[in-house]
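I have placed the structure first, in the form of structure tokens, so that the comments after it can refer back to it.
The values are calculated or read from the model by the stated rules, or taken from the named source; none is laboratory data. Keep in mind that what you see is a predicted model, and the values were worked out from it rather than measured. Glycine gets a Cβ as well: all are built from the backbone with ideal geometry, and neighbour counts include every protein chain shown.
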Amino acid sequence: MENHNLDSASPQASHGQSNLSLSSSIDSSDTQDTVIIEQSSSRKRMRLDDEAKKLVETILVQKPGGERIINKYNRTKSLGDETRRKMVNILAADMTEKNGTSPPRQVKEKYARGIVTLFPYLSDPFSKNGYEHYYDGESGTGYLAWRIKTIQKGLAKERRASFEGTQCVPNLIPFSFFIYHSAIFLRSRPPPPPPTLFLGTLCFWHLLQHYATQHVHFHSDHCVQHRCWQSEREPSSC
């Protein structure tokens, strides 16, 4: 009877040991997978850090004033506000030259990562990646983002000024129009139009004055010369 109980208990014990072994094998496999993932993530992070560091270092070495920034950090392990601003200006200018005035998010993150990798003491220990104060992809803020916005505003202002300057180009108005209207327009000498009128009207008036000052002859029904208008005589008396 006792032998029968021992025989019947033996398969159960064997089954329990088998489950325990299988569970241990699964746990070991999960642990190995976790280690592999962590190692892969760590290698990827190191690779990104190294690429970003080389990028920022190369830019600063090549640009005027960049090496001075590196040397100052090496001496003091920090950067003052003015020096940091110069560094941001250099990097933002390089970024927009290579990627346009609206660089992709990953590009701005790479530059920000490179800053804190090259200058570890500039990293923010309280942020997720340590470089969010230079560029935060979630909020679109940071020193680099603000500098890029300033560059964008400056370029937009230059384009507007350039566009407004082209409105007074003589070739935009047919010369026959000058011939037909010059006598009446110059004789009447109308005051400049109010600012609400189209800019071309004001430009046209200035162009006619320019041609008259240069003694250019406009032939219509009469001979019109600049000296006639200076003496307030009729065009027919020229």
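Structure values in brief
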| item | result |
| --- | --- |
| Candidates T101, T96, T83 - the one that is of a type in the set (S, T, Y), under 20 Å from L155 (Cα atoms) and assigned to a helix (DSSP H, G or I) | T96 |
| Any chance R160 is in a helix (DSSP H, G or I), at pLDDT below 95 and not hydroxyl-bearing (S, T, Y) | yes |
| Residues (over 14 Å from L91 (Cα atoms) and within 12 Å of the chain's Cα centre (by Cα)) located in region 141-155 | Q152, K153, G154, L155 |
| Some residue of region 41-61 being in contact with a Phe, Trp or Tyr (Cβ under 8 Å, 6 or more places away or on another chain), small (G, A, S) and part of a helix (DSSP H, G or I) | yes |
| Every residue from region 77-103 that is out of contact with any helix residue (DSSP H, G or I) (no Cβ under 7 Å at 6 or more places or on another chain) and either among the small types (G, A, S) or more than 20 Å from R113 (Cβ to Cβ) (or both) | G80, D81, E82, A93, G100, S102 |
